[in-house]
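S.K.: This is the structure I want to talk about, given as structure tokens.
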Amino acid sequence: MSAVAAPHQIAGVGRWSPDRRYLPVIGTFIVFALMVTIGGLRYENFLSPAVMSNLFINNAHLIVLAVGMTFVILTGGIDLSVGAVLALSSVITATLLQAGWSLALVVPVAVLAGSAIGYGMGVMIQYFDIQPFVATLAGMFLARGLCFLFAPESVPIRDESFIALAGWGVNLGRWRVTAAVLIALLAVAAAWWVLHRTRFGRTVYAVGGGEQSATLMGLRVARTKVLVYVISGTCAGLAGLLFAMFSRSGYALTGVAMELDAIAAVVIGGTLLTGGTGFVLGSVIGVMVLGLIQTIITFEGTLSSWWTKIVIGALLLIFVVLQRILTLRRT
Amino acid sequence: MTAATPETRTAAAPPARPGPHPEPVVSMTGITVEFPGVKALDGVDFRLFPGEVHALMGENGAGKSTLIKALTGVNPVAAGSIVVAGAETRFTGPADARERGISTVYQEVNLCGNLTVAENIMLGSEQRRLGGLDWRSMRREAARHLERMGLSIDPSSSLDSHSLAIQQLVAISRAMVVEAQVLILDEPTSSLDAGEVEQLFAVMRRLRDEGVAILFVSHFLDQIYAISDRITVLRNGRLVEERATADLPQRELVSLMIAGKSGADVSEARPRGERAARDPEAGPLLRAIGLGRKGSVEPFDLELYPGEVVGMAGLLGSGRTELARLLSGADRADAGAIEFAGETTRLRTPRAALAHKIAYTSEDRKGEGVVGDLTVRENIVLGLQAARGWMRPLPRANVDRIVAEYIKALGIRPANPEALLRNLSGGNQQKVLLARWLATAPRLLLLDEPTRGIDIGAKTEIMNLVSELASQGMSVVFISAELEEVVRLSDRIAVMRDRRKVAEIDGGEDVGVPQLIDLIASGGQNQ
């Protein structure tokens, strides 16, 4: 019997406009727009298509990581392994290409390595009831260790078809879209479709809103919770491939702490760490905000690169507090 | 809430629509459910007809939830048969039951507040277009189901922007998407206010008239009489009675629910002579004036005097516990005031209450009482240490002396201060809990169901102890589901019904269980 009766509103009252679910994303977008405006006013050439295109080109891998991380965080979980899995995938790509494998084989192997690690962590989390933090921490160490097993040193990529793919791009006016950017945008579109147009996607939100309720609603909670880690792992594998295209090499020490960048992007993008609320598009804007900070600091010239971290830290704090206020008002 | 008078009931009942369908949609016979060491249900028969609201009544441990869970396949059935729509059936779980037309709506709204109303209604029975979900037609479909409930809300609004009552109706909409023939409502009204309950009832009547069989569980007698056509009463896992609501007077219902409960065999637990004659000069230790909390207990007045045991009588969910929680600061009152020892005070937290030397032992012994992973010694000194403040640890010698004293005084077994509490029996855990608060030398002791789930010997010991404490000048509030215990022990008895304090009588030779049952059933209106 419930001794505590939750307070509640009078029937029929309590509709909000605009829908409060969009508020965090709108907030992120305003920050993004402000930064673009300020940058444009302060620096010449800041708003040039080249700079903006580079924002995407330099961060394609981070966009893909953030997309996968969004799935995990929407269920209320966390994935600390993605940085290490990205490194693993890039090392596998470089090593196998050096060994003379064809690109058509290397790509699926590198991506599926990420899926496999994600699956393992998902099973640990769901069926052995291990906290996502701990399970993915183990995954992180495992993936990082495997990198060194494959190649302790940096492995350059000289495979011609790979170089051709990495260098491919189209110019739309003065905008440039590379293969990596195209892949990243496709991943975003696919993620949006899955999250909003499939039962699995809605189950992801339902699990984040209340696992118990989702179970009682007859949704397939267990399968969903494993799958989000598979998706995150797959995204990390794909991101590793993109990073290899970007750096034309595979190195065991790439992507150290990159999982934290991905988490920061997702949170700045308006996804609640408690799960249930957020959008992929928000995470993409989150990545853009992180990229813009870096760009602005480069343009400023006199600032040390550590300012990037300080600004990211401050932004994160502001966003988390804002989200908290929104959640508190809800209850 | 207005009590349904017998006149309106007979007028609104059978003649208004065709009598019960001859064929029950659910028929359970000889259902036995066993848990390790306990028979939760023992040969219970239960029938549910199309087009009726059937109330399932019973006190704590009567087996209401077990029966529902046996029907929906949550609890395995050891013996008996379940026939649904003419066919012998065993469901594998709520999802299976739902697919075959038996939907359950629980007390807490088990939906996802972060999703939209349409999603909450339609997830699980989606419509697709081009391989993806077709939100437009799903919203349309959801709107149709909402309309059936008489709700005109935007299906694309998020669920948690609506009140609990609306959420509850959305949960019912979801249950009805599968064209359920049987709707199980497990305490759906416990957090709704009167207007919201009326809204829910309107929906229930509409569904009933459409031929849906509704199984309704509620602790509110008024609601049972306002909505139900038939009542099944369970007690201690057995079927006691199944009868049309119109033929079952409230008084009889209450006595069916509680009569014959095996109370502690306390032969004169409290010798009448020892009952303290209240000093007419002395003011009350605590006086509650219009104290209440919305959705928990309606405003009440109550005076507690030193040296007096005040019993709380009422059915499960009548507001006994809620009242004690307001007095102990565990819940914050939103109306009225408390005077303690003549001074107005506000008890915002249990800590504030403790500072006034008010101690409260929760009915939820495991969840809110003892700490199972600590030792007997640690559990006993917890309250005392909390009262002193963490910066001033108790000297170990003092601790050992106090602990030894209480282990001896209350007869805690095993008499080992280092035993882990979770290894003790329920009765001994309760004694440790008592010892914890007694060690703080309270002036007011609020005991919520201190005798529940413990053996008869321990019950007697605890009741003797309460009686002794009162004669030493402590003021005690004693809550028990077992009316005999309340009658035996109390100098004064407050009667609760439907979250209201409806009567207050002096205890004494002439007060007995039947009189309390009368008061509970009549809501104190006969006085």
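S.K.: Out of the residues in region B:102-127 meeting the condition of being more than 9 Å from every other protein chain (Cβ to nearest Cβ) and modelled with pLDDT under 85, tell me which one is nearest to residue B:46 (Cα to Cα).
M.R.: B:125
S.K.: Now for a different question. If residue A:117 satisfies all but one of (1) of a type in the set (A, V, I, L, M, F, W, C); (2) surrounded by 17 or more Cβ atoms within 10 Å (Cβ to Cβ); (3) more than 18 Å from the chain's Cα centre (by Cα); (4) closer than 25 Å to residue A:223 by Cβ, what's the number of the condition it fails?
M.R.: Every listed condition holds for residue A:117 apart from (3).
S.K.: Can you tell me which residue is nearest to residue B:320 (Cα to Cα) among those in region B:204-260 that are among the polar types (S, T, N, Q) and touching a helix residue (DSSP H, G or I) at 6+ places or on another chain (Cβ under 8 Å)?
M.R.: Looking at the filtered set, the residue picked out is B:218.
S.K.: Quick test for you: out of A:110, A:138, pick the one residue that is part of a helix (DSSP H, G or I) and surrounded by 23 or more Cβ atoms within 10 Å (Cβ to Cβ).
M.R.: Sole residue among the options that is part of a helix (DSSP H, G or I) and surrounded by 23 or more Cβ atoms within 10 Å (Cβ to Cβ): A:110.
S.K.: Report yes if some residue within region B:60-69 is without any contact (Cβ under 8 Å) to a residue 12 or more places away in the chain and in a loop (DSSP other than H, G, I, E, B); otherwise report no.
M.R.: Looking for residues that are without any contact (Cβ under 8 Å) to a residue 12 or more places away in the chain and in a loop (DSSP other than H, G, I, E, B), one finds none in region B:60-69, hence no.
S.K.: Find all pairs meeting these conditions: Cβ atoms under 9 angstrom apart; at least six residues apart or on different chains; first residue within region B:353-378 and at positive phi and of a type in the set (Val, Ile, Thr); second residue modelled with pLDDT under 90 and part of a loop (DSSP other than H, G, I, E, B).
M.R.: none
S.K.: Right, here's the next one. Tell me the residue from A:184, A:164 that is free of Cβ contacts under 8 Å to residues at least 60 places away in the same chain and out of contact with any Asp or Glu (no Cβ under 7 Å at 6 or more places or on another chain), please. Walk me through it before giving the result.
M.R.: Details: A:184 fails: free of Cβ contacts under 8 Å to residues at least 60 places away in the same chain.
The unique qualifying residue is A:164.
S.K.: Wholly within region B:291-396, which helices (runs of 4 or more DSSP H) include no fewer than the required count, namely at least 2 residues that are surrounded by 22 or more Cβ atoms within 10 Å (Cβ to Cβ)?
M.R.: B:320-328, B:376-388
S.K.: Okay, moving on. Can you list the helices (runs of 4 or more DSSP H) lying wholly within region A:193-283 that have 2 or more residues being over 13 Å from the mean Cα position of the chain (by Cα) and either over 20 Å from residue B:116 (Cβ atoms) or within 10 Å of another protein chain (Cβ to nearest Cβ) (or both)?
M.R.: Correct list: A:199-209, A:211-216, A:221-247.
S.K.: Return a yes/no flag: does region B:278-301 have any residue that is modelled with pLDDT under 90, within 14 Å of chain A (Cβ to nearest Cβ) and under 21 Å from residue B:451 (Cα atoms).
M.R.: no
S.K.: Among the residues of region B:76-101, how many are within 13 Å of chain A (Cβ to nearest Cβ) and not in a loop (DSSP other than H, G, I, E, B)?
M.R.: Total satisfying the criteria: 6.
S.K.: Got a sec? Which helices (runs of 4 or more DSSP H) wholly within region B:418-490 have at least 2 residues that are small (Gly, Ala, Ser) and in contact (Cβ under 8 Å) with a residue 12 or more places away in the chain?
M.R.: B:426-438, B:456-471
S.K.: Take residue A:15 and tell me if it is out of contact with any Cys (no Cβ under 9 Å at 6 or more places or on another chain), of a type in the set (Lys, Arg), at pLDDT below 85 and under 30 Å from residue A:83 (Cα atoms).
M.R.: In short, no.
S.K.: Answer with yes or no whether residue B:40 is more than 9 Å from every other protein chain (Cβ to nearest Cβ), at pLDDT below 90 and not in a helix (DSSP H, G or I).
M.R.: yes
S.K.: Across region B:462-480, what is the number of residues that are more than 22 Å from residue B:496 (Cα to Cα) and among the β-branched types (Val, Ile, Thr)? Write out each step before concluding.
M.R.: Within region B:462-480, the subset more than 22 Å from residue B:496 (Cα to Cα) is B:462, B:464-465, B:467-474.
Within this subset, residues satisfying the condition of being among the β-branched types (Val, Ile, Thr) are B:462.
Summing the residues that are more than 22 Å from residue B:496 (Cα to Cα) and among the β-branched types (Val, Ile, Thr) in region B:462-480 gives 1.
S.K.: What number of residues within region B:155-167 are facing chain A (nearest Cβ under 7 Å) and either over 21 Å from residue A:206 (Cβ atoms) or assigned to a loop (DSSP other than H, G, I, E, B) (or both)? Quick ask: steps written out before the conclusion?
M.R.: Narrowing region B:155-167 to residues facing chain A (nearest Cβ under 7 Å): B:157-158, B:160-166.
Then keep just the ones that are either over 21 Å from residue A:206 (Cβ atoms) or assigned to a loop (DSSP other than H, G, I, E, B) (or both); that gives B:157, B:162-163, B:165.
Qualifying residue count for the region: 4.
S.K.: Looking only at region A:70-77, decide whether some residue is surrounded by fewer than 23 Cβ atoms within 10 Å (Cβ to Cβ) and not acidic (Asp, Glu).
M.R.: yes
S.K.: Further, regarding this structure: I need a count of the residues in region B:85-104 that are in contact (Cβ under 8 Å) with a residue 40 or more places away in the chain and either over 20 Å from residue B:29 (Cβ atoms) or aliphatic (A, V, I, L, M) (or both).
M.R.: Residues that pass the stated criteria total 6.
S.K.: From the list B:170, B:178, B:212, B:217, exactly one residue is in the same structural domain as residue B:128 (by TED's automatic domain parsing) and out of contact with any strand residue (DSSP E or B) (no Cβ under 8 Å at 6 or more places or on another chain). Which is it?
M.R.: None of the others qualify; the one that does is B:170.
S.K.: Just name the residue that is surrounded by the most Cβ atoms within 10 Å (Cβ to Cβ) out of those in region B:180-237 that are in a strand (DSSP E or B) and more than 19 Å from the chain's Cα centre (by Cα).
M.R.: Restricting attention to region B:180-237, the residues satisfying the condition of being in a strand (DSSP E or B) are B:182-186, B:213-217, B:230-235.
Add one more test, that the residue is more than 19 Å from the chain's Cα centre (by Cα), and what stays is B:182-183, B:213-214, B:230.
Numbers: B:182: 24, B:183: 22, B:213: 26, B:214: 24, B:230: 21.
Filtering first and then ranking leaves B:213.
The values are calculated or read from the model by the stated rules, or taken from the named source; none is laboratory data. What you are looking at is a predicted structure, and each value in this text was computed from that prediction instead of being measured. FYI the Cβ positions are ideal-geometry reconstructions off the backbone, even for glycines, and counts take in every protein chain you see.
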